[in-house]
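Down below is the structure, laid out as structure tokens.
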Amino acid sequence: MDTSSSTDNHMRNAMTILKQMRLAALVCLFANGLWAQQHPALDNYLFTPVAISPAHAGMQQQDVVSLVDAQLVGVPGAPRTGVLSADFKTLKGLGFNLTAITDAVGPMNTGQLALSSAYHLPVSDNMTLSTGIRATLGRTTVDLNNEVFYDELDPSIYTLAGPFMANIDLGTTLNGQNSYFGVSYKNVNRAEIYQNNYTAQILHVFGGYSKALKNGWTARTSFLATGTTNSPGDLNFHFFFSRDDAWGWGVHYSPADEMGMMLKINTAKDWNLYYQYNFPLTDLVYVTRSSHVIGFSFDVSTKATNLTSPRFFL
């Protein structure tokens, strides 16, 4: 009996099992948000509010927004996110939003395409009830080409693309003349990612207030509370000041995660430039001291008077 051949076979089987277990752990890590970071949706939702609730579809008034989020600069494998979002609202109060997202964390890459639809129902002269639904289709792949393998012909090395996953999100927001309050529930159907591992369900509770000040200044404040399956809760506060919608600046604070500043500049007619800097409040400060978000938005058509609605976001 060839004991060396038997040993090699056992070694290959053991390595295959270990790699599969590692893949499952990596995907679960990504799916449940356990990476020590602030999720991009929570990081810059003032720039793309539909990220936290489909009820905000159409509230950005014909805008196209593009963002690049580079978190934990200097850390190998740190999250990198790209967002392209197009927003539209009809004369009948229907809002639509199409968002494409690419998200990379270590060896994992996720691509998503989301279609959100919302109906904005006037309930009084100063209040609107917005209710929305979002359908998302995405896929996660893991690139282990740079890893060291004992068996280069092992087929498990080349079968690391996960299934296409479909999810449904729900949300509702009550918009007043100077304030808003809403809730949203993400991943209602808990799509399966990999061998009995499912996407995390997320509950957002959020609100905000806007007040006109003197000399064309406006102050906005908001909060976002988030609960995620098998993860700690998260709380965000934002304060933002703008003047004549030409430019503005603000700060945000997440007690258990980070703090930072944000800037908005109207660079030309119907064009806006966004920038956000974040400083970690965790032990990550010993390996990195910054995360950055940069983006722009532009209006694709002239806004009609009866299309406009209170705009609490940036």
Compute the FRET efficiency between Val73 and Ile265 as 1/(1 + (r/R0)^6), taking r as their Cβ-Cβ distance and R0 = 25 Å, and round to the nearest 0.05. 0.65
Using the basic label-point model (7 angstrom from Cα toward the beta carbon), what is the Ser231 to Leu281 distance in nanometres? 1.8 nm
Each label sits 7 Å from Cα toward the beta-carbon; between Arg80 and Leu137 the label points are separated, in nm, by 2.6 nm
Taking neighbour Cβ counts within 10 Å as the exposure measure, how do Tyr45, Tyr275 sort from fewest upward? Tyr275, Tyr45
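State the extension gain, in nm to one decimal, for the chain segment bounded by Leu115 and Phe241, taking 0.36 nm per residue of separation less the distance between their alpha-carbons.
In short, 42.3 nm is gained.
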Tally Lys/Arg at +1 and Asp/Glu at -1 over every other residue whose Cβ is under 13 Å from the Cβ of Leu84; what's the total? -4
Three-way shape label, the stretch 87-136, alpha-carbon gyration tensor, a/c 1.5: prolate
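Give the peptides 261-269, 100-108 in descending order of average Cβ contacts within 10 Å, highest first.
Ranking the peptides 261-269, 100-108 by packing returns 100-108, 261-269.
Coordinate-derived values only; no laboratory data. Quick caveat: nothing in here was measured; it's all calculated off a predicted structure. We place every Cβ from the backbone using ideal geometry, glycine too, and count neighbours over all the protein chains shown.
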